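Bear in mind these aren't lab numbers, they're just calculated from the coordinates by the rules spelled out. As the structure is a prediction and not an experimental result, all values here were calculated from the model. When we count neighbours, we look across all protein chains shown, and the Cβ atoms used for this are built from the backbone with ideal geometry, even at glycine.
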Amino acid sequence: MAAGLNLQPQTVNGWLTLKLSNQGLTSIPEEVFDITDLEYLDVSNNKLSSIPEAIGRLQKLSRLAVSGNMLTSLPQAICSFPNLEVLSAHKNKLSAFPPGVEKLQELRGLFIHDNQLTDLPSGLCSLPNLDWLSVSGNKLSNLPPGVEKLQKLRRLHIADNQLTEFTPGLCLLHNLELLGASNNKLSTFPPGVERLQKLRKLDIADNQLTEFPSGICSLLNLELLSVGNNPIRQIPDDVTRLTRLKSLSVPGCPFDEFPRQVLQLKTLEVLCAGGCGFDIVPDEMRNLQYLQILVLEYNLLKTLPSTLSHLHNLREVNLRSNEFDTFPELLCELPAMEKLEIWNNNITRLPTALHRADKLKDLDVSGNPLTYPPQDVCKQGTGAIMAFLKQEAEKDERILRAFNRLSVRMSQTQWKPLARSLGLSNRAVDAIKASAPDDVPDQVYQTLVQWREKEGEAATLSALEQHLRDLDFQQLADQLSLTHRTPDRRGYETGAVGAVGGQEADGLQNSLSKYPSVTVDQKFPIIHFDQLEVGQQSILGRGGFAYVKKARHLDWKQDVAVKCLFTRQIEGSEQELLYSEARKLKLASNSAHVISLLGVCLDPNFAIVMPYMENGSLAGLLRDVDVPWALRWRMAHEISLGMTFLHCQNPQILHCDLKAENVLLDGDFHVKISDFGLSKWKMKSRVVTQTSPEGSTITHAPPEFFLDINLVPTPMFDVYSFGVLLWEIITRAEPYGSEFRICHFV
């Protein structure tokens, strides 16, 4: 027995097995050939230069692994094993295969990739049970004739060879599921590829194809398609037929523009489109709701579409070697992002908002002329960068709260000179601008931004206090000193009016005076914003004029949803629209199937506070889950009850945008009709009014409103929408399929 070796076979998974891999063997011990009952022999990853013919004594061998050695040939005896099912001989120096391979009638898997083969034996095509053939990484210029006989073949790897064409017989392998043929010299594809209906993965990257092979778009079970690094300039429109495609790789293809038809492949999880010369990514990127990996490296991109922020499943983003001058802040809103490569661009600053991407563990910003964060921080890696940005964001928040408290205590004539001499981050400045007592020119705010960037680390609360004293605002400086040195139980400063409603009666009255429409009806319950703890990944949805975010009410110990106006788009009509929605919600709170109103925030901007719905929208549920029929019928019944309740009010409330996206589900999947932004009191009102930034969803609107959008809505408007919604619930499909993009009356 060879010294130091355990030559005692073991039964593993039902096979009498002897494993001698990674032992540094230069030869196989003679004793091995006496174990005549051996079924699995593994001598891979050694230093074998030959295998003796004595191996022929192991007539019961079913599996033989000799890969990762220095073999230049295989013994003739291998072809005499009547029960051999798997032969792994890859990563050697084989230049030929022994004759008689056709005798291996039980062979199911043959792995001879990464050798020096120039031809394959013709007998290979006589193996009726061959299921997996891997011959990549050789010097093959063609496949043997008769390959169509391998009718059980499911996986064929022929990449990294010198093939100039495929034999037509390839398209007769009806059970083929995987074809890897990248890095060859293919300029054409054989006709009849559409016959390979079981094909799930096709890799023909790095060849010389000038056109997208015809027939590929008929492979309806295709899940992975790689055609990158071919001189293909266009993707055919019928690529949209590939409704099961999960991964598409087209890097290095010289497209004239981004192939928009790709963005209709709503099942995509991976999209690789680097090195294509793109300078624009279309807005339709929002269609790829299941996308997890996006690679757009080595392009000419300077911006990204805002719709990219809707891709809540995106885990990896690669934007390296583009032309970004500023960091795309929408990336901060991707809740699932774990890896971001944006190196070799022209970015000088990272936004503090990036710290909210709490799942980001791998950030590469090297090769950018960054001045913020400082280079010494960036060299420490992702953790240090994220910690720095979080600290900076918290500093901005403290300054913002202090500034807001000061601004409500001073007159307009005091506020203006103070605003001109103080500075904050872009986000903080926007918030102040939105709640300013009167309009202040954008130029002033740009000055504030420049001042904040110039001061950098010096823009602390203490510096703010001293700056106030230098301006002879002694009373305000004293107030600031009090506020930032006396935190209350929630960690916010006390002694001044709160930023969102405040603690003092005069502050609340000041806020109410900004919103006269709020007092038209009975007063709403007031919720102070400092009672709400907003998470880092809080955005739940966005609309035409408002967004909804998740928050935690610190006193109630429950999650809530807060609907706020966009701070950059506040107009009187939009405020009135949100007030109107709040009044309807207050009335509709009496129904178990309509979202209720918990209260409103008044400062810095008007916002509606509603219960948080744990199970999201009905649209999301139908998209992701085959909902049991009993639950579908219960939800349909509850929607009808909620709609009936609204129609029974005096005056009636017409929803005018009833659809699956606007039906929310609580923890027990009970229905709550939501989003009354377009709803109407039943009076003389068009479907689209001057106070409505957007109109009803076109797929759910009655056909008569296509002829006359000035038509006054009636309860039948919601009844028609309810009918379309029932169709959604039954079919779990999008109304009208691809005939309509989701759009609105305008």
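Take the Cβ atoms of LYS60 and ASP119, set R0 to 25 Å, and the FRET efficiency comes out at 0.20.
With the cut-off at under 18 Å, measuring from each backbone N in the range 636-669 to a point 7 Å along the Cα-to-Cβ line of GLN558 picks out 664-669.
Computed from label points 7 Å out along Cα-Cβ, the spacing between ARG244 and THR714 is 4.8 nm.
Amide H contacts of VAL594: ILE673, each under 5 Å away and 5 or more positions distant or on a separate chain (H built 1.01 Å from N in the peptide plane; Pro and chain starts excluded). Work out the charge dipole of the range 1-90 with +1 on the Cβ of Lys and Arg and -1 on the Cβ of Asp and Glu about the Cα centre, then indicate which of LEU84, THR11, SER49 is farthest towards its positive end. Sorting the options by dipole projection puts first SER49. Modelled spin-label separation between CYS648 and ASN590, with each label point placed 7 Å from Cα along the Cα-to-Cβ direction: 1.0 nm. May I ask you to derive the FRET efficiency for GLU106 and ASN142 from their Cβ-Cβ distance with R0 = 25 Å, giving the value to the nearest 0.05? Efficiency computed from Cβ-Cβ geometry: 0.40. Placing +1 on the Cβ of every Lys and Arg and -1 on the Cβ of every Asp and Glu, with no other charges, gives the range 1-71 a dipole of roughly 200 debye about its Cα centre.
So if R0 is 45 Å, what FRET efficiency would ALA733 and GLN23 give, r being the distance between their Cβ atoms, rounded to the nearest 0.05? Efficiency computed from Cβ-Cβ geometry: 0.15.
Close amide H partners of LEU540, meaning residues 5 or more places away or on another chain with modelled amide H under 5 Å apart, are VAL548, LYS549, LYS550.
Across all directions, the shadow cast by the convex hull of the range 1-71 built on its C-alpha atoms averages 4.3 square nanometres. Value of Rg to Rh for the range 229-278, rounded to two decimals, is 0.93; Kirkwood radius and Rg both from alpha-carbon coordinates. Computed from backbone phi with θ = phi - 60° and the Karplus coefficients 6.51, -1.76 and 1.60, the 3J(HN,Hα) list for the range 632-645 is 4, 5, 5, 5, 4, 5, 5, 4, 5, 5, x, 5, 4, 4 Hz; x is used for glycine and proline. For the range 283-352, the convex hull drawn through the C-alpha positions has a volume of 76 cubic angstrom per residue. Projected label points at GLU284 and LEU300, each 7 Å from Cα along the beta carbon direction, are separated by 2.1 nanometres. When restricted to Cα atoms, the range 181-297 yields an Rg and a Dmax of 13.2, 37 Å, respectively.
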